[in-house]
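Student: Here it is: the structure, laid out below.
The numbers here are math on the coordinates, done by the rules we state, and not lab data. All values reported here derive from a predicted model rather than from experimental measurement. Backbone-built Cβ (ideal geometry, glycine too); neighbour counts: all protein chains shown.
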């Protein structure tokens, strides 16, 4: 008689039967965990891509300048036709992003125009692009200053030198040491006059300072108290929103100290184009051009004493092989007992001379050597 099979032999032992559902559950949950991890990884990659996508505002800033932007700039900066043509050339050749935002950054604007000047001057020193380059730069800078007026004293940078008139009418220079949320602290100079000449506590005074953009700022503030901190005497004032500013001058002065000659000029005739012609009234005398800006200059001369509003013809060697000539109107004179110091505005100047001076004033080229 054969041995009959066990009733459980078809599905294994009772222990194996109990372990099978546990094994299946572990595999099932393992698959779920792996699927969740993969899903989270894919979701994270998607989030990273979304975060890297530029926002509408950043896309607007980074997009290329369009013809519509040029037309808007023409109206905003009141550009002439040659200036508009130059701006379009500049944006195209230097791939300038949206100029509405780009020109708000003074340093980027300066670097762009400096690069353009050097490239153009190297390729064609007398290029017709140089004159509108400087006039567009001037208009852009003036517009930026006009719309970026200081609204309160909390944005005055620490370290800014500040001036005020003391009680005895002497000018006192201080340095902004702390610009806090509720007050400003100015360090008084070590050699400042006695307390009797300083503004009394709770009095209202006007402080003055000049920004890096040649903007003069006047601010009425109230003196709160005087304190000594870390061995330094400080004037503590309240903040103010009553801020008055004006552009001191359009250009910085560049000291050159160059030999030149000059002569008093008289009007000879007017051209058909409406330009006035000037001729020398006497002989040229030796002088020195000590500095110039984009609009005016200062000359020292011994053998001549021009009157205010008289015209001068000035000849000066700006480069070794080039003597420039321009006409200037006398604005003011001073006498030091030996020579006359003449401050004069440029009246007539050819484009080459004008572009040369503006390149020096704007720092696009190295300073000339004194002669």
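Student: Which whole-number percent gives the relative contact order of the range 275-371, counting Cα pairs below 8 Å spaced six or more residues apart?
Tutor: 25
Student: Order by neighbour count: 62, 309, 222, fewest other Cβ atoms within 10 Å first, most last.
Tutor: Least crowded to most crowded, the residues run 309, 62, 222.
Student: Looking at the P(r) of the range 254-361, how many percent of alpha-carbon pairs lie beyond 25 Å? List each step's numbers first, then the result.
Tutor: On the way: 916 of 5778 pairs.
That tail contains 16 percent of the Cα-Cα pairs.
Student: Further question: Sort the range 153-242 into rounded, prolate or oblate with this rule: let a ≥ b ≥ c be the square roots of the eigenvalues of the Cα gyration tensor; rounded if a/c is under 1.5, and if a/c is not under 1.5, prolate when a/b is larger than b/c, oblate otherwise.
Tutor: rounded
Student: Distance in nm between label sites at residue 93 and residue 350, each 7 Å beyond Cα in the beta-carbon direction?
Tutor: 2.3
Student: Based only on Cα atoms, what mean projected area does the convex hull of the range 263-321 have, in nm²?
Tutor: 5.6
Student: Taking every pair of distinct Cα atoms and averaging 1/r, then inverting, what Kirkwood hydrodynamic radius in Å comes out for the range 78-174?
Tutor: 16.2
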